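The values are calculated or read from the model by the stated rules, or taken from the named source; none is laboratory data. This one's a predicted model, so the numbers in the text were calculated from it and none came from an experiment. When we count neighbours, we look across all protein chains shown, and the Cβ atoms used for this are built from the backbone with ideal geometry, even at glycine. Side chains are part of the model used for accessible areas, which takes the heavy atoms of the whole protein and leaves out ligands, DNA and RNA. Shrake-Rupley method; radii C 1.70, N 1.55, O 1.52, S 1.80 Å.
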Amino acid sequence: MTAFNTLPLKPALLASVETLGYTEMTPVQAQSLPPMLAGRDVIAQAQTGSGKTAAFGLSLLQSIDVDTIRLQALVLCPTRELADQVSKALRKLAANIPNVKLLTLCGGMPLGPQLASLSHDPHIVVGTPGRVQEHLKRGSLHGGGIKVLVLDEADRMLDMGFSEAIDDIVGRIAKHHQTLLFSATYPEEIRAVSQRVQTDPVVVTVDTPAEQKPAIEQQFIEVEPAQKLDALAQLLAGERGQHALVFCNMRRDVDAVAQELDRRGYSALALHGDMEQRDRDEVLVRFANKSCNVLVATDVAARGLDIAALPLVLCYDVAHDPDTHTHRIGRTGRAGETGLAITLCTPRERPKAANIEEAGGVPLSWRTLKVAPPRGKTLQLAPMKTLVIDAGRQDKLRPGDILGALTGDAGLDAKDIGKIDVFATRAYVAIGRALAAKSLERLRAGRIKGRNFRVRPLG
Ligand code: AMP
């Protein structure tokens, strides 16, 4: 039985499931929901796309008593991007439960506003471990009433060094609570965490059926170190280079590679963990809204990124271990489209490629590339351009207001307007490149929601 109404869920939750159009449970939901709803600890091996968020979301929302003004459920996520995604999904599931208070608490955001929103206990907190730990320590967050703790993408949290923070958080919350652990991979470290924080967990593993596995074509190309940049530029010049993610092992290479690509006329940006949150947000917004074609990133920076299937992933260096390589190439070929993952490998990197081959159990496919030095400048402009508006949610600005201003006063056609992202104090809108200058002029001259906000182009 895989219909949701076979589960002991509140009518409000069944109604949300119906509104969301979920007709049947996914395999992870079908296996994990019954034990979770029965109050058991669960450890589930589940990938993004498996429906894991709705699985733990429904279970924790079932446990919450809205009339009790206490923190009752805590969801820990590795990155702010993922925490935002999870919060959005939980809000949708909770749409028919009046007065549920959910708060997202992540690092990289100013503490002041978070403290202000904590003046009344929320029912649910979704956050990153470091920041949640800080609030628990300060006493601005009270863990004594927590009934459910969720560790989402636990493997990534460990990779990012959150192990101690998680242990500390567990020590600061109610002793008796249910712990739900979700992880894409199931290494020894995860088993160890489970042993520390769970009691007699039900283990859920779901094999992705072969026909649902994304098709990824992998290629390895041997190059000399001095040829790497030319090879990369050449590979990016093709059609797939219009939306590609490039991985480098080292942060300093991320900057150098992005700068060099930019110099050669590509539209490339760098993303690494040391960047200010605001710069990180901007880079991600520009890549997702197609006003930047190539994102050059470290593995840590790319974890938990909410970017849809990319046509091309390029590894500028061979990853140090097979797991990291698997995470990298998993960025392409999602949603039933064939993706291409190309790894550049110098003779010295051969042993790392051999490890990947051994771990994968299939021979690597090597191809040759005739690397030619660049002939003049390639001009590969991104299709969109981003405009920043210095106003956001705090000014009650919504995407519809921006769309309205652009199609109304500014006279644009809705089809020329791309993604609109509204943050607390800023908003970003992507406009077809050719129309960006005109839109900027008109937005500056006109009003948004009857007010004048500062607007400027990015990049
Ligand atoms: P997740 O694995 O949590 O990232 O979810 C992947 C996607 O599947 C999300 O867009 C969900 O809205 C969607 N989803 C979750 N559960 C179901 C379901 N039972 N039927 C259809 N779609 C679902």
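For this structure, a couple of remarks:
- Answer residue from segment 40-72, given it is over 27 Å from the mean Cα position of the chain (by Cα) and farther than 14 Å from Ile146 by Cα and is surrounded by the most Cβ atoms within 10 Å (Cβ to Cβ) among those: Arg40
- For Leu37: the one exception among (1) away from the ligand (no atom under 16 Å from the Cβ); (2) more than 26 Å from the chain's Cα centre (by Cα): (1)
- Number of residues in segment 165-186 that are of a type in the set (Ser, Thr, Tyr) and open to solvent by less than 20 Å² (accessible area, probe 1.4 Å) equals 2.
- In segment 73-85, the residue that is surrounded by the most Cβ atoms within 10 Å (Cβ to Cβ) out of those that are within 13 Å of the ligand (Cβ to nearest atom) and closer than 15 Å to Val148 by Cα is Cys77.
- All positions within segment 12-33 that are open to solvent by 60 Å² or more (accessible area, probe 1.4 Å), free of Cβ contacts under 8 Å to residues at least 60 places away in the same chain and either more than 9 Å from the ligand (Cβ to nearest atom) or out of contact with any helix residue (DSSP H, G or I) (no Cβ under 9 Å at 6 or more places or on another chain) (or both): Glu18
- Counting only strands (runs of 3 or more DSSP E) that sit completely within segment 223-325, those holding 3 or more residues that are without any contact (Cβ under 8 Å) to a residue 60 or more places away in the chain and either farther than 19 Å from Pro78 by Cα or open to solvent by less than 30 Å² (accessible area, probe 1.4 Å) (or both) correspond to 268-271, 294-297.
- Test for Glu349: is it over 31 Å from the mean Cα position of the chain (by Cα) and modelled with pLDDT of 85 or more: no
- For segment 327-366, a residue qualifies if it is touching a Phe, Trp or Tyr at 6+ places or on another chain (Cβ under 7 Å), outside any helix (DSSP H, G or I) and among the small types (Gly, Ala, Ser), and exactly one does: Ser365.
- Selection count, segment 352-379, where residues are over 20 Å from Tyr266 (Cα atoms), among the basic types (Lys, Arg) and at pLDDT below 90: 0
- Taking the listed residues Arg393, Arg348, Arg367, Arg375, the one that is basic (Lys, Arg) and closer than 20 Å to Asp281 by Cβ is Arg393, with no other qualifying.
- Among residues of segment 76-105 that are in contact (Cβ under 8 Å) with a residue 40 or more places away in the chain, those with a beta-carbon under 6 Å from a residue that is away from the ligand (no atom under 14 Å from the Cβ) and part of a strand (DSSP E or B) at least six positions away or on a different chain give the pairs Leu76/Leu151; Ala83/Thr104; Ala83/Gly127.
- Subset of segment 106-124 (residues that are assigned to a loop (DSSP other than H, G, I, E, B) and surrounded by 14 or more Cβ atoms within 10 Å (Cβ to Cβ)): Cys106, Gly107, Gly108, Met109, Leu118, Asp121, Pro122, His123
- Enumeration of residues in segment 136-166 that are under 22 Å from Gly273 (Cβ atoms) and outside any loop (DSSP other than H, G, I, E, B): Leu151, Ala154, Asp155, Arg156, Met157, Leu158, Asp159, Ser163, Glu164, Ala165, Ile166
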